[in-house]
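Report on one structure; see the data block that follows.
Please treat every number below as a calculation from the coordinates, not as lab data. Note that the coordinates shown come from a computational prediction; the quantities given were computed from them, not determined experimentally. Every residue, glycine among them, receives a Cβ derived from its backbone with ideal geometry; neighbour counts consider all protein chains shown.
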Protein chains: 2
Amino acid sequence: MTSTLIRNCAVLVTPDSGDCSVQDAQDIHITDGTISAITPTRQTPPSDAEVLDATGLLAIPGLTNAHTHTPMVLMRGAAEDLSLDNWFNQKIWPMETNLTPERVRIGARLACAEMLLSGITSFADHYFHADQVAQAAAELGIRADLAPTFFTSTGPEAREASFDTARQIRALSNPRITASLGPHAPYTVSEEDLTRTAEVARSENFRIHLHAAETQEQTTSSLTHHNATPIRLLHRTGILEAGAHLAHACALADEDVTLLAQHADRTVIATCPKIYLKLAMGNTTPIRSLQAAGIPISIGTDGAAAHNTQDMWESLRLTALTEKHKEQDATWMSLSQTLRLATHPNTLTPGHPADITLVDLSAPHNQPLHNPLAALVYSIRPADVIHVLVAGHLVVHNQSLTTADLPEILNQANEVADSLVTLTTPDTIQHYAP
Amino acid sequence: MTSTLIRNCAVLVTPDSGDCSVQDAQDIHITDGTISAITPTRQTPPSDAEVLDATGLLAIPGLTNAHTHTPMVLMRGAAEDLSLDNWFNQKIWPMETNLTPERVRIGARLACAEMLLSGITSFADHYFHADQVAQAAAELGIRADLAPTFFTSTGPEAREASFDTARQIRALSNPRITASLGPHAPYTVSEEDLTRTAEVARSENFRIHLHAAETQEQTTSSLTHHNATPIRLLHRTGILEAGAHLAHACALADEDVTLLAQHADRTVIATCPKIYLKLAMGNTTPIRSLQAAGIPISIGTDGAAAHNTQDMWESLRLTALTEKHKEQDATWMSLSQTLRLATHPNTLTPGHPADITLVDLSAPHNQPLHNPLAALVYSIRPADVIHVLVAGHLVVHNQSLTTADLPEILNQANEVADSLVTLTTPDTIQHYAP
């Protein structure tokens, strides 16, 4: 049994509904990776636990990055000021012919470092060579769910190989690492392949992580080709029934919300607002109507080839700002609502995993601190993150990784970066034409 | 004659049109506060200038915060999740009854510290007790233009006193500190007072900094009450002819763009996108049509009571994102366009003031560095700012202020913060009802 005591911090309380709040002068007791108690500092008896002095810091539930493609940090800044079509067809999908398992692992290590140092304790990834992403996550000590990507264009062997990769990741039996199935999207995966995916998911108890209804063009095209919206297609192929983790879901019909609501107990939708704006994708995720229908929402960054960072502070702030703007309601997506979305399912409550981020709000950009919730949504910077624990392990201590050597990660990334973005052949892994 | 040499940095080149670029391995020579030459590092002869080694850093023109109310950092986080009406009437204008000259200076010192540390070298401020803001700017070494605010509701004495304050600031004869006249807005200042302001501005060669056409409600109301849009009102009172620095200008009619274009040589419009989203103000500044008409655009933060920070990186990034989204054109507001707006009129060119920010792009969130322009717009963080020079003076060195004691600034701010936001009377300085 290992015991850790985070001593004398403020604690962010994030109830399932209502206002979040901050309790000062608390001790967080951790036993075998789980929060075992939270007690006022002055009431804590002496113990032989390992102590992390957190005086002056605020503990928050670790941030969850609900949708990304971590290895794409290697393409950061290499595809700018392009329409969605050109971004895919001129840059990203040709570049991805340069992927190798080693390059994927190198990229994932850099992304995991960036995420941990900015307070993210878990992420849901969707990419090729997902076993390599799993290795990087295991090494750096971050919690991860990995969905091995496949397209129908690469044939049934690639589809089955992606399922095998998910099984291999599961077989690692690392309690912090899980796997999902990863069909790319309804516009790149056939109805037959979606059906097969749902069957495997149901029989082997996997969830399915995929992109859906990213733009109105995709939804309109789906109606033309399948006589069904992307969400209806996911319903009729059994994907929704099996349990779907959907990225984006921006262009939804009313009937889509109804279908999703019928599977609300097994569905989550990840919104990534920065890329909707940057790639001029039209809609953003209709969070208000989805939440009204009881469908869980999470926030993600998406890959750095469009998002440029793996910074969840940026994503949660943009979620609040874009929602207030879209709904023309400055009271909507309040501080508490936003913080819940960004930290869910983590919560600083006994019995929950000790995935905890400790921040210092004493820098000038957060002062005076009239309202720590406002600081967390609207003024904090990633550099305010001091310590990070995942499953009770101190993976970031005093703003440094404890699990890996950052200069070595950066050197490796720079050694392979050019080879990944240089296009020497007209090859591509896919063509964007939804 | 004082000479400084910034040695061995990369230099951001920001031409008036076309693409920005980066030149590696340059030396920037500064004489008496002005850039005297920029030469390749290996060609620089020995000199007796004071040397700042900038190996590994990128020099950019100092960021310009084109519209703010710096002392409002004291209200940071104290008015959240409120409609524009309630934000003004329940919080901000009642709180401003608590202003004193000392509190204004204390707030401005904190804001100047925050701005300098994040790479801002100049700001245009609009506030009460503007002489105190001038003192803070002079002390910290940042360049500033101060517009003393007045409302018609406080009578002609307050109007004339605000003009006197502008004259006093000018009389400081500090080459880094200028003054403008500061009527609050066409919906809080009478036509008569606007006319009087324009007369003083013309006769004494002041510019006029004011809010205008912030929301469609204001523009519609102006048409009802004045049979003129806010911009038409500024035209007919002589404000545009005198030279206007307009904050926001979000809700414009076509004829407004035409009127502004007629005064393009003496007009600048400051856009502050974060607050348009956060306060659900409807429109954002129509940058594309204003630029097409030749009207200069700059970027500002606005006050921290709504913006929560004085971070121009955030503002420039949001300008790019919101413009791409609004125009549904991912190629619009390109990296180069955005960087020009955020740094204008500063440029790293011989003969220009040595207002220079040096950034380090080696941290994981900027790596690999395929495109430094993309890093400056989409991934940089304020903590990447290492050194800042204003008029050749090194005011931030290795991420620390050289001109003031940051802990003392923070202590002062915290001592007065509660007294500023506590509402003990029903008094207010103004009522929002455009």
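Could you compute the FRET efficiency for residue A:220 and residue A:419, with r as their C-beta to C-beta distance and R0 at 35 Å, rounded to 0.05?
0.40
If you line up the long axis of helix A:406-421 against the longest principal axis of chain A, both from Cα atoms, how many degrees apart are they, to the nearest 10?
With both axes taken from Cα atoms, the answer is about 10 degrees.
Which residue, chosen from A:362, A:43, A:150, occupies the Cα position most advanced towards the positive end of the dipole of chain A, where the dipole is computed from +1 (Lys, Arg) and -1 (Asp, Glu) charges on Cβ about the Cα centre?
Highest projection toward the positive end goes to A:43.
What is the Cα convex hull volume of the protein assembly as shown when expressed per residue in Å³?
Enclosed volume per residue, from the Cα hull, is 164 Å³.
Given springs between every Cα pair under 10 Å in a Gaussian network model of chain A, which of A:324, A:274, A:91 has the largest fluctuation?
A:324
Please report the net charge: other residues with Cβ closer than 14 Å to the Cβ of residue B:229, K and R +1, D and E -1.
Result for the neighbourhood of residue B:229: -4.
Roughly how many whole Å is it from the C-alpha centroid of segment B:355-428 to that of segment B:267-344?
Segment B:355-428 and segment B:267-344 have Cα centres spaced 20 Å from each other.
Give a residue-ordered list of calculated ³J(HN,Hα) values for segment B:127-136 (Karplus: 6.51 cos²θ - 1.76 cosθ + 1.60, θ = phi - 60°; whole Hz; x for Gly, Pro).
Once rounded to whole Hz, the list reads 6, 6, 6, 5, 4, 6, 5, 4, 4, 4.
Of all alpha-carbon pairs in segment A:63-343, indicate the percentage at a distance above 28 angstrom.
Here the long-distance tail beyond 28 Å is 30 percent of all Cα pairs in segment A:63-343.
Quick one: helix B:312-327 against the long Cα principal axis of chain B, what's the angle to the nearest 10°, folded into 0 to 90?
70
Given the pairs A:274/A:324; A:91/A:326; A:324/B:91, which are separated by over 24 angstrom at their Cα positions?
A:91/A:326
So what J values fall out for segment B:207-219 if you push phi through Karplus, 6.51 cos²θ - 1.76 cosθ + 1.60 with θ = phi - 60°, rounded to Hz, Gly and Pro as x?
Calculated HN-Hα couplings, in order: 8, 10, 10, 7, 7, 7, 6, 6, 9, 5, 4, 5, 5 Hz.
Got the residue B:157 label distances to the other copies yet, label 7 Å along Cα→Cβ, in nm, shortest first?
Nearest to farthest, the other copies are at 9.1 nm.
Each residue of segment A:188-205 in order: what ³J(HN,Hα) in whole Hz does its phi give by Karplus 6.51 cos²θ - 1.76 cosθ + 1.60, θ = phi - 60°, with x for Gly and Pro?
Ordered by residue, 3J(HN,Hα) equals 10, 10, 5, 4, 4, 5, 5, 4, 4, 4, 4, 4, 5, 4, 5, 6, 10, 6 Hz.
What percent does the relative contact order of segment A:223-295 come to when contacts are Cα pairs within less than 8 Å and at least six residues apart?
Answer for segment A:223-295 is 33 percent.
Kirkwood hydrodynamic radius of segment B:131-279 from all distinct Cα pairs, in Å?
The answer is 15.7 Å.
Please state the shape class of segment B:241-353: rounded when a/c is under 1.5, otherwise prolate if a/b exceeds b/c and oblate if not, all from the C-alpha gyration tensor.
rounded
Placing the label point 7 Å from Cα along the Cα-to-Cβ direction, what are the distances from residue B:101 to the equivalent spots in the other copies, shortest first, in nm to one decimal?
7.4
Quick query: amide H of residue B:147 versus all other amide H atoms, modeled in the peptide plane; which residues come in under 5 Å with a sequence gap of 5 or more or a different chain?
Residues meeting the criterion, in which the H sits 1.01 Å from N, are B:125, B:126, B:127, B:180.
To check you understand DSSP bridge types, tell me what percent of the beta bridges within the protein assembly as shown (both residues inside) are antiparallel, rounded to 5.
45
Shortest first, in nm, what separates the label point of residue B:241 from those of the same position in the other copies (7 Å along Cα→Cβ)?
7.7
Excluding residue B:51 itself, calculate the net charge of residues whose Cβ lies under 12 Å from the Cβ of residue B:51, where each Lys or Arg counts +1 and each Asp or Glu counts -1.
-3
Which is farthest toward the positive dipole end of chain A among A:230, A:11, A:306, measuring Cα position about the Cα centre, with Cβ charges +1 (Lys, Arg) and -1 (Asp, Glu)?
A:11
Given the rule -39500 (n - 2.57) for each run of at least 4 DSSP H residues, summed and divided by the residues of chain B, what is its mean residue ellipticity at 222 nm, to the nearest 500 deg cm²/dmol?
-10000 deg cm²/dmol
Given the options B:46, B:273, B:183, which has the most mean-square fluctuation in a GNM of chain B, springs set between C-alpha atoms less than 10 angstrom apart?
It is B:46.
Hey, got the average number of other protein chain Cβ atoms within 10 angstrom for residues in A:377-388?
4
In the neighborhood of residue A:69, defined by Cβ-to-Cβ distances under 11 Å, what is the net charge if each Lys or Arg adds +1 and each Asp or Glu adds -1?
-3
Considering amide H positions built from the backbone, and no H for Pro or chain starts, which residues 5 or more places from residue A:303, or on another chain, come under 5 Å of its amide H?
Those lying under 5 Å, H to H, from residue A:303 are A:69.
Where is the GNM fluctuation largest for chain A (alpha-carbon springs, 10 angstrom cutoff): A:339, A:116, A:82?
Looking only at A:339, A:116, A:82, the biggest GNM fluctuation is shown by A:82.
Taking H placed 1.01 Å from N in the peptide plane, check which residues at least 5 places from residue B:297 or on another chain put their amide H under 5 Å from its amide H.
Distant-sequence amide H within range of residue B:297: B:269.
Before anything else, pin down the relative contact order of chain A: Cα pairs under 8 Å, at least 6 apart, normalised by residue count, whole percent.
23
May I ask for the angle, rounded to the nearest 10°, between helix B:101-117 and the longest principal axis of chain B, with both axes built from Cα atoms and the value confined to 0 to 90°?
40
Taking the Cα centre as origin and putting +1 on Lys and Arg beta-carbons and -1 on Asp and Glu beta-carbons, what dipole magnitude results for chain A, to the nearest 20 debye?
With only Lys, Arg, Asp and Glu charged at Cβ, the dipole is about 440 debye.
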